[in-house]
1. Among (1) surrounded by 13 or more Cβ atoms within 10 Å (Cβ to Cβ); (2) more than 23 Å from the chain's Cα centre (by Cα); (3) modelled with pLDDT of 95 or more, there is one condition Glu155 misses while meeting the rest; what is its number?
2. I'm trying to understand the selection: among the residues of region 120-141, which are in a strand (DSSP E or B), hydroxyl-bearing (Ser, Thr, Tyr) and over 19 Å from Gly109 (Cα atoms)?
3. In this structure, does Ser110 turn out to be part of a strand (DSSP E or B), touching a residue at least 40 places away in the same chain (Cβ under 8 Å), among the hydroxyl-bearing types (Ser, Thr, Tyr) and surrounded by fewer than 17 Cβ atoms within 10 Å (Cβ to Cβ)?
4. Need the failing condition index for Gln120 against (1) within 15 Å of Glu161 (Cα to Cα); (2) of a type in the set (S, T, N, Q); (3) touching a Ser or Thr at 6+ places or on another chain (Cβ under 8 Å), just the number.
5. Mind listing just one residue for me: the one in region 142-163 that is in a loop (DSSP other than H, G, I, E, B) and among the charged types (D, E, K, R) and, of those, farthest from Gly109 (Cα to Cα)?
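The values are calculated or read from the model by the stated rules, or taken from the named source; none is laboratory data. It should be emphasised that the depicted structure is a prediction, and the values quoted were computed from it without experimental measurement. Here the Cβ positions follow ideal geometry from the backbone for every residue, glycine too, while neighbour counts run over all protein chains shown.
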Amino acid sequence: CHSPWASTSGWRAGLPAEIDLHLSCNGVTHKVRASGGARLQGDTLFCSSPRDAEVQPDALQLHRHAIRQGNTLYLEWQGDLHAVSQLDPIAAVEASHSHHGGLTAPMNGSIVRVLVEAGQQVEAGTALVVLEAMKMEHSIRAPHAGTVKALYCSEGEMVGEGAVLVELEDNE
């Protein structure tokens, strides 16, 4: 039994099939919508022709030769070869927060426990703060070993989504 709901072809009832991808090329991120005969299976985008990729950004249709090597797709355009990779926008935001040492609230909620103090050494994975949101507890954990530089929350405090709760320094 085949279910259209399990399909990764971009099929939508009453609308044309479309697949949105977030791609990065030369440090610039683009949202690309593939349509027509394109279908997504796992991390692979299949197009109607095995040698050409068809993409329609802002109604401009492009046909380009594509070469895949690992997780990178090399596209030939105007005589130049461009390296394009798929980007996970959620993972990119999370990585940017941990890169700057700030650990943020994933959603609005209330701080129910602060488990560390400023100056305390922690290992990767150590629970730092417990946030209650939507009747569930969320542990904010250290992404790497380090020293708690500062705490920006206290027990019982209401915090908004994205609020920095803890600042963590790398141990060097």
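1. Looking at each condition in turn, Glu155 falls short on (1).
2. If the condition is that a residue be in a strand (DSSP E or B), hydroxyl-bearing (Ser, Thr, Tyr) and over 19 Å from Gly109 (Cα atoms), then no residue fits.
3. Here the answer is yes, as Ser110 does meet what is asked.
4. (1)
5. To start, the set of residues in region 142-163 that are in a loop (DSSP other than H, G, I, E, B) comprises 142-145, 152-157, 160-163.
So of that shortlist, the ones also among the charged types (D, E, K, R) come out as 155, 157, 161.
Details: Glu155: 11, Glu157: 8, Glu161: 8 Å.
Across region 142-163, the extreme among qualifying residues is Glu155.
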